[in-house]
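Below: the structure, in C-alpha cells.
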Amino acid sequence: MRTQIVAGNWKMNNDKDATKSLVKDIKKNIKSLDLVNTRVIIAPTFVNLPLAVKKAKKSKIEVAAQNMHQAESGAYTGEVSAKMLQSVGVKTVILGHSERRTYFNETDQILAEKVTAALKNELEVIFCFGELLNDRKSNTHFEVVENQLKNGLFHLPAEEFSNIILAYEPVWAIGTGETATPEQAQEMHAFIRSLLVKQYNNKVADNMSILYGGSVKPANAKEIFSKPDVDGGLIGGASLQADDFTAIIKS
Ligand code: PEP
C-alpha cells in the first residue's frame with residue numbers, strides 16, 4: 001500500500017512565535033490519531049526550521065524546507081544548501097513549486113540540478129509541477145506535465161525514485177479557491193503513473209506517492225483523496241490553521 005502524505009507549505013508565513021504555536025497545536029490535534037501509513041509534513045520558512053524541528057520532536061510531524069540551492073556551498077548570497085538543511089535536522093525539501101518557477105525563474109534545468117543535489121545529500125524531494133490555466137484551456141496540460149517530469153526528474157535512475165514524492169499542482173488551482181475536480185485530479189494522476197511505468201517500471205509507479213495540490217480544504221479533501229491515484233495533498237492556505245490542517249489529515 002502506498003504511503004499517504006499530507007504536507008503543509010507555509011510559504012512566507014508565520015514568525016517564530018506563530019511557528020511555535022502552530023506546531024504545538026497540530027501536535028496536540030494529531031496525537032490521538034491513528035496515522036498508520038500516513039505521513040504529516042510541514043514546511044516552515046528557512047529561519048524557523050530549527051525551531052520547528054525541535055518542537056516537532058516526539059511527534060508524527062516531519063519538517064521540510066520550501067526550497068534549496070543546487071550548489072554545495074559558495075558565493076550565492078542569500079541561498080541555503082542541502083547540507084545546511086541536513087545539519088538542522090531537515091530530511092525533506094519541496095522543489096519546483098509554481099511560485100519558485102514563476103517568481104524566481106526556476107527552470108526545469110535548474111530544478112533537475114536541485115533534485116540531483118538534494119538526493120546526493122540524502123534529502124527526500126517533494127517535486128511540484130503542474131500546468132497553467134492556458135495549458136488546460138488549450139488542451140496541452142498532459143504534454144506540459146510530461147515535459148516537466150521528463151526535464152526535471154527523468155534523468156534519475158529508478159533506484160533513486162524511492163526518495164521522490166510527486167505533487168501535481170495545477171497552477172490555476174493554487175491559492176485561487178478553484179480546485180481541480182476529483183475526476184480531473186484522478187485523470188492526471190493516472191497519466192503521471194503511466195509515465196512512470198513507461199520511463200521506469202511498474203514497481204516505481206506503484207510505490208510512488210502522488211499528492212494533489214490546489215485549494216485543498218477540509219470541505220473537499222475527502223473526495224479528492226478518495227481517488228485511487230491520489231495519495232494525499234500538498235496544502236497551502238489551509239495548512240496555516242491547525243484545525244483545518246488536522247481535518248485534511250483525517251480525510
Ligand atoms: C500550494 O501553494 O502548494 C497550494 C496548494 O496552495 P493552496 O492550498 O493555498 O492552493
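The values are calculated or read from the model by the stated rules, or taken from the named source; none is laboratory data. For clarity, every value in this text was computed on a predicted model and none was experimentally measured. Here the Cβ is made from the backbone with ideal geometry for all residues, glycine too, and neighbour counts use every protein chain on show. Just the protein is used for accessible areas: all its heavy atoms, side chains included, with ligands, DNA and RNA removed. Shrake-Rupley method; radii C 1.70, N 1.55, O 1.52, S 1.80 Å.
Here the simple spin-label model places points 7 Å from the Cα toward Cβ, and for S87 and E178 these points are separated by 4.4 nm.
Since only S215, Y200, N151 are under comparison, the one whose Cα sits farthest along the positive direction of the charge dipole of the chain, derived from C-beta charges on Lys, Arg, Asp and Glu, is S215. Based on C-alpha pairs under 8 angstrom that are at least 6 apart in sequence, the chain has a relative contact order of 21 percent. Put a plus charge on the Cβ of each Lys and Arg, a minus charge on the Cβ of each Asp and Glu, and nothing anywhere else: the dipole of the chain about its Cα centre is then about 1040 debye. How high is the relative contact order of the stretch 1-117, given as a whole-number percent (alpha carbon pairs under 8 Å, six or more residues apart)? It rounds to 23 percent for the stretch 1-117. What shape does the stretch 22-146 take by its C-alpha gyration tensor, where a ≥ b ≥ c are the square roots of the eigenvalues and a/c under 1.5 counts as rounded, a/b above b/c as prolate, and the rest as oblate? It comes out oblate by the Cα gyration axes.
Please sort by residue number the GluC sites (Glu not before Pro) in the stretch 158-195 whose DSSP state is loop and whose Cβ has at most 13 other Cβ atoms within 10 Å. Walk me through the intermediate numbers first.
Working: sites: E159, E160, E178, E183, E187; in loops: E178.
Those satisfying the criteria are E178.
Distance between the pseudo-spin-label points of M12 and F142 (7 Å out from Cα toward the beta carbon): 3.8 nm.
Using C-alpha pairs below 8 Å separated by at least 6 residues, the relative contact order for the stretch 4-73 is 39 percent. For K120, what charge total do you get from the other residues with a beta carbon under 13 Å from its beta carbon, if Lys and Arg give +1 and Asp and Glu give -1? In short, -3.
Only protein heavy atoms count here; under a 1.4 Å probe, D34 has an accessible surface of about 130 Å².
Heavy atoms only, probe 1.4 angstrom, no DNA, RNA or ligands counted: give me M1, M68 ranked by accessible area, highest first.
Details: M1 200, M68 0 Å².
Result, largest first: M1, M68.
The Cβ shell under 13 Å around N29 holds other residues with a net charge of +3, Lys and Arg each +1, Asp and Glu each -1. Could you tell me which of rounded, prolate or oblate describes the stretch 2-69, using a ≥ b ≥ c as the square roots of the eigenvalues of the alpha-carbon gyration tensor, with rounded for a/c under 1.5 and, failing that, prolate when a/b is larger than b/c and oblate otherwise? Note, shape of the stretch 2-69 comes out oblate.
Could you tell me which of rounded, prolate or oblate describes the chain, using a ≥ b ≥ c as the square roots of the eigenvalues of the alpha-carbon gyration tensor, with rounded for a/c under 1.5 and, failing that, prolate when a/b is larger than b/c and oblate otherwise? Cα axes put the chain in the rounded bin.
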